[in-house]
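Notes follow once the structure below has been shown.
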Amino acid sequence: MQLPGGLDVDVFLRDYWQKKPLVIRQAFPGLTCPVTPDELAGLACEEAVESRIVIENDGGRPWQLENGPFQPERFEQLPATHWTLLVQGLDHWVPELAPLLDRFRFIPNWRLDDIMASYAPQGGNVGPHYDQYDVFLLQAEGHREWQFGGRCDETSPRVDGTPLRILKDWQPEETVVLAPGDMLYIPPGVGHHGIAQDDCITLSIGFRAPSHDDILTGFSDFLCNQPGAEQLLRDPDLAPQDNPGLVSDAAVDGVKAIVENALRREDLLALWLGQYSTAPKSAQIVQPPEEALDAEQLGAALEDGFTLRWNEGSRFAYRPMDDRIALFVDGERYLLNGDARWIAPLLCAGHQPDPARMREAAADPALAGLLVTLINQGSLYLE
């Protein structure tokens, strides 16, 4: 398996992933940007779309932030240069980006976050900063200079007077200019600063990473909803102690045993992780169709040449569990047994599952029922 640009995936994961930046020239040769600046501005006016404008110098104030949705006239009021429009979750609104995202599935589905588009006229930038997540910066239109390098953290000095976390007195280690089709990988914690050389659009393919707090609180909440969680602590071997205020070793051991027993349930941990990691970022992303579909209609549509594809905001993952496979779709889980298990990895492999195998699944009543459920909840659709 290879990255866009030809580097072997195992080499990238060994030498670069979360270790050091990588410039990949012509990762996508001949790339045509899937959106125009006007289309990005239109999306930024929509209530459901997360968008921001960053102005480098707004009346003497550095790197000022405005959050969308915006009125169309706002774009007529912006300065000629040195501002940036950011549109989050572009892949949710532009189906043409799905094949591009599939090129990054050498990283598991559950780690993939979304694509952010950054449009800027000459000089536009969002300031030197670092991110907590991995990102591939793909130049889709125009040219952008990237300065990058050096590890940063919460103690790194910040610029005053801006709501953004802009690095102060940061010194880059390398500088490159990316042309359309070029790509730059930046690991978490590495400082970087992109400056538009002309009207340009950069696509940021970002990867999510749950915080330790998210993992601990999320899994503990999940455990609290499992059968038996309502039991009370028992201590039938309680012994007298000299001081009633002492929290004894035996008391600590009793609570420790409860925690350790819960952590030994790897099956529960896997089920929680699958549901947690595929949950949609917003309830607006995955919406049911206007009209529900039944198995007969699905089979007829597939025979007529329609194909199934993921909702652009949906997340698919699976986990083998003894003699079953757990399929996770948009925060829901489906436990598949026996001859039904084959469909889980097929559904999770990419945005458009193999049409011939989908017709085969639609001929099986149980699997057709699963596909219809996924369609009627909005996770799959026909095209």
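The values are calculated or read from the model by the stated rules, or taken from the named source; none is laboratory data. Please read all numbers here as calculations on a predicted model, not as lab measurements. So basically every Cβ, Gly included, is an ideal-geometry build from the backbone, and we count neighbours across all protein chains shown. Each accessible area value is taken on the protein alone, full model and side chains, heavy atoms only, with ligands, DNA and RNA left out. Shrake-Rupley method; radii C 1.70, N 1.55, O 1.52, S 1.80 Å.
In the chain, taking the dipole from charged Cβ atoms about the Cα centre, the farthest positive-side position among 243, 310, 346 is held by 243.
Entry for the range 46-157 at q = 0.11, 0.18 Å⁻¹: log10 I(q)/I(0) = -0.44, -1.15, Debye formula applied to identical alpha-carbon scatterers, no solvent contribution. Heavy-atom accessible surface of the chain, averaged per residue, reaches 52 Å², computed with a 1.4 Å probe. Converting the Cα gyration tensor eigenvalues of the range 1-97 into ellipsoid dimensions via √(5λ) gives semi-axes, longest first, of 33, 18, 13 Å. Could you tell me what % of all Cα pairs in the range 172-315 have separations over 22 Å? Tail of P(r) above 22 Å: 70 percent of Cα pairs. Kirkwood radius and radius of gyration were both taken over the C-alpha atoms of the range 37-82, and their ratio Rg/Rh is 0.97. The 3J(HN,Hα) values that the Karplus relation (6.51, -1.76, 1.60; θ = phi - 60°) gives for the range 133-140 are, in residue order, 10, 6, 8, 9, 9, 9, 7, 9 Hz. Gly and Pro appear as x. Taken over the chain, the ratio of Cα radius of gyration to 2.2 N^0.38 Å equals 1.18. Look at where the Cα atoms of the range 92-141 and of the range 330-360 average out, and the two centres are 27 Å apart. Solvent-accessible surface (1.4 Å probe) assigned to residue 259 amounts to roughly 80 Å².
With Rh defined as the Kirkwood radius, the inverse of the mean 1/r over Cα pairs, the Rg/Rh of the range 97-247 is 1.24. For the range 114-192, the relative contact order works out to 47 percent when only alpha carbon pairs closer than 8 Å and six or more residues apart are counted. Protection proxy ranking of 207-217, 327-337, 160-170, by the mean of other Cβ atoms within 10 Å over each peptide's residues and highest first, is 327-337, 160-170, 207-217.
A cut-off of 5 Å between modelled amide H atoms, ignoring neighbours fewer than 5 places along the same chain, links residue 144 with 178, 197. Each residue, residue 208 and residue 259, gets one label point 7 Å from its Cα in the Cβ direction; the gap between the two is 2.7 nm. Percentage of Cα-Cα pair distances in the range 73-123 greater than 19 Å, rounded to whole percent? Result: 44 percent of Cα pairs exceed 19 Å. Using a probe radius of 1.4 angstrom, the carbon and sulfur fraction of the accessible surface of the range 287-376 is 46%.
Simple rule: put +1 on each Lys or Arg Cβ and -1 on each Asp or Glu Cβ in the range 1-115, find the dipole, and look at 3, 64, 83; the Cα lying farthest toward the positive end is 3. For the pair residue 168 and residue 234, the difference between a 0.36 nm per residue extended length and the Cα-Cα distance amounts to 18.2 nm. Put simply, when 67-78, 126-137 are sorted by average Cβ atoms within 10 angstrom per residue, most first, you get 126-137, 67-78. In the chain, the DSSP-assigned H stretches of four residues or longer account for a calculated mean residue ellipticity at 222 nm of -7500 deg cm²/dmol, using -39500 (n - 2.57) per stretch and the full residue count as denominator. Working from Cα pairs under 8 Å separated by at least six residues, relative contact order for the chain is 16 percent. Expressed as a fraction of 2.2 N^0.38 Å, the value expected for a compact globular protein of N residues, the C-alpha radius of gyration of the range 267-383 is 1.01. Among the protein heavy atoms of the range 71-164, carbon and sulfur supply 52% of the accessible surface, probe 1.4 Å, non-protein parts ignored.
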